[in-house]
Amino acid sequence: MRDYVTRREYEDWIRDAAALARALRYPIHPSMVNDSAGIVYGPSQYAAFESGLWSGVPYEIMIIFEALNEAAVDGLPASAEAYAPYSGLCDKLMILHPGKFCPPHYHLYKTECYEVVMGQMDVFYCDTPVDTGEQTLSFEHMPPGDRWPTDVALPQGREASYERLTNFVRLEAADPKFVLHRQHLHAFRCPQDASVPLVVREISTYSHEPTEAAKDKPVPFDGWRQLHDNYFLDPEAHSGRLVANIRH
């Protein structure tokens, strides 16, 4: 089993997704079409390119086009510096083919909401926050979801990482935005039998991800530069988030 994607496969994948995003009137700038946009969550997931993106076989791969990631610290009181990582503005478009997943993870800093632009989005989540050992504020709890459908096929070898995500909701275009609070485990997929990819817009607070594409971006504080606010339950997924193994 290979642990890479060829340059041609990668560029075809990204170009097709960018064309779809443009057709849906999402603002794709050429700088957003880069080697960090396509995400393969660990070596075992590159087999998705052998089975085919349209095969419906479950793997953890997706595309993210980030149109905005604004720290929004200007005007904050200087005393708020320690809490500034929890604020900010981020706008992303995420694209997944049938059966493909964003794997189980949580964020310490980021709260996000989903708006389905095309297709259907299956969200799996835990409705109670992760215990970080720190006392946190609480105002609006995550709503309980439904039971999982009986026919959900999970990525092979990653099944255990989904066990704590006992709540389920299916989102469609024109549904109300679904808010996912920080420090809550979650994952999502495009349904296996879908006839179109899932295209979902994520609006959130600042996204702390030290990808290759973001390494030269100015940050307001030095402590932000290597801050990685994605805590994946599978260690392989955690390492795969930041860099894809593209073979020329």
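Tabulated results
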read-out	value
Residue ID - least open to solvent (accessible area, probe 1.4 Å), chosen from residues in the stretch 80-94 that are part of a helix (DSSP H, G or I) and either of a type in the set (Asp, Glu) or more than 18 Å from Glu70 (Cβ to Cβ) (or both)	Ala82
Among residues of the stretch 201-243, those that are aliphatic (A, V, I, L, M) and farther than 18 Å from Ser36 by Cα, counted	3
Flag for Ala67 being in a strand (DSSP E or B), surrounded by fewer than 19 Cβ atoms within 10 Å (Cβ to Cβ) and touching a residue at least 12 places away in the same chain (Cβ under 8 Å)	yes
Count of residues meeting criterion [open to solvent by 40 Å² or more (accessible area, probe 1.4 Å) and of a type outside the set (D, E, K, R)] in the stretch 235-246	6
Count of the stretch 95-115 residues which are part of a strand (DSSP E or B) and touching a Cys at 6+ places or on another chain (Cβ under 7 Å)	2
Residue within the stretch 116-128 that is hydroxyl-bearing (Ser, Thr, Tyr) and either part of a helix (DSSP H, G or I) or closer than 22 Å to Gly240 by Cα (or both) present	yes
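Okay, residues lined up against (1) surrounded by fewer than 19 Cβ atoms within 10 Å (Cβ to Cβ); (2) at pLDDT 95 or above; (3) outside any helix (DSSP H, G or I); (4) hydroxyl-bearing (Ser, Thr, Tyr):
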| residue | (1), (2), (3), (4) |
| --- | --- |
| Leu20 | no, yes, no, no |
| Tyr26 | no, yes, yes, yes |
| Ser44 | no, yes, no, yes |
| Glu50 | yes, yes, no, no |
| Ser55 | yes, yes, yes, yes |
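The values are calculated or read from the model by the stated rules, or taken from the named source; none is laboratory data. Note that the coordinates shown come from a computational prediction; the quantities given were computed from them, not determined experimentally. Neighbour counts are summed over all protein chains in view; Cβ atoms, including those assigned to glycine, are modelled from backbone coordinates with ideal geometry. Accessible surface is based on the protein model in full, side chains and every heavy atom, while ligands, DNA and RNA are left aside. Shrake-Rupley method; radii C 1.70, N 1.55, O 1.52, S 1.80 Å.
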